Amino acid sequence: MALAGGVTILLTLVWLPLGCIALGLMVWLRHTLRTPSRQVPDAEGSVLAPADGIVVDISDGEVEPPAGTDMGRGRRVTIRTGLADAQLQRSPVAGRITDNFLIPGLFRSAGDVDLARRDNERREITIEISMDAAGAGERLLLVQIGTATARQLVCRHGPGKFLEAGAPLGMPRIGGMTELFLPAGSRLSVCKGQSVVAGETIIAALPR
């Protein structure tokens, strides 16, 4: 934001209309990178939406997670964050991060979800769910997927970090897609095309 402000001042000195355009872009950037206050529901055993946006895909049944992850088959929910949405992602459950690694790839458009899921850069974050929320050993996988506009996938929490449900997690800058791989037996409470709010919308109930 400081850099954007400096550029805006310089462009205003060069040519006022150009400075006005830069000011508009700075206001938009401030809007998308804000940290909105959210009311995290007190619903034990629930999975919250990790990102603002629209549910663009839900697996018909249980599917295999990405290769190399320490998880079994489960339901997959894909959320696409728009350029006007708040970009901050939140932890969908209370739990401890066990893996967080970046897999380089392309930055294709999010218009073709299957193609973006296969080829684009992604960050895979595995969360071991707290025993207060579900049975011991249950894990949830959150995948940040880059797009033509989201070329930085940010999550600075390393393995061992414990997060409360709804706590700030990271963000794809700017836009991007987020996928959740839920434990087998989870019961979904959202549908394709539904708008969700990070840290507030309940998207599934964990198996008991």
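Look at ARG76 and say whether it is under 19 Å from GLN194 (Cβ atoms) and either assigned by TED's automatic domain parsing to the domain that holds ILE145 or touching a Pro at 6+ places or on another chain (Cβ under 6 Å) (or both).
yes
Keeping to the stretch 47-67, report how many residues are modelled with pLDDT under 95 and under 17 Å from the mean Cα position of the chain (by Cα).
2
What are the residues in the stretch 9-46 that are within 30 Å of GLY95 (Cα to Cα), of a type in the set (Ser, Thr, Tyr) and surrounded by 11 or more Cβ atoms within 10 Å (Cβ to Cβ), if any?
Residues satisfying the conditions are THR32, SER46.
So which residues in the stretch 160-208 are farther than 21 Å from THR32 by Cα, in contact (Cβ under 8 Å) with a residue 24 or more places away in the chain and in a strand (DSSP E or B)?
Listed by number, the residues that qualify are PHE162, LEU163, LEU180, PHE181, LEU188, ILE202, ILE203, ALA204, ALA205.
With the requirement that a residue be under 23 Å from HIS157 (Cβ atoms) and either at pLDDT below 90 or polar (S, T, N, Q) (or both), what does the stretch 68-89 give you?
GLY68, THR69, ASP70, MET71, THR78, THR81, GLN87, GLN89
Among (1) part of a loop (DSSP other than H, G, I, E, B); (2) farther than 20 Å from ILE129 by Cβ, which single condition is VAL55 missing?
(1)
Inside the stretch 162-172, can you point out the residues that are farther than 28 Å from GLU62 by Cβ and in contact with a Lys or Arg (Cβ under 7 Å, 6 or more places away or on another chain)?
Listed by number, the list holds a single entry, PRO168.
Can you find, within the stretch 159-194, the residue that is nearest to GLN89 (Cα to Cα) among those that are buried (at least 16 other Cβ atoms within 10 Å of the Cβ) and in contact with a Pro (Cβ under 8 Å, 6 or more places away or on another chain)?
My answer is LEU169.
The values are calculated or read from the model by the stated rules, or taken from the named source; none is laboratory data. If you're wondering where the values come from, they're calculated on a predicted model, not measured in any experiment. Counting neighbours? That spans all protein chains shown, and the Cβs are built from the backbone with ideal geometry, glycine included.
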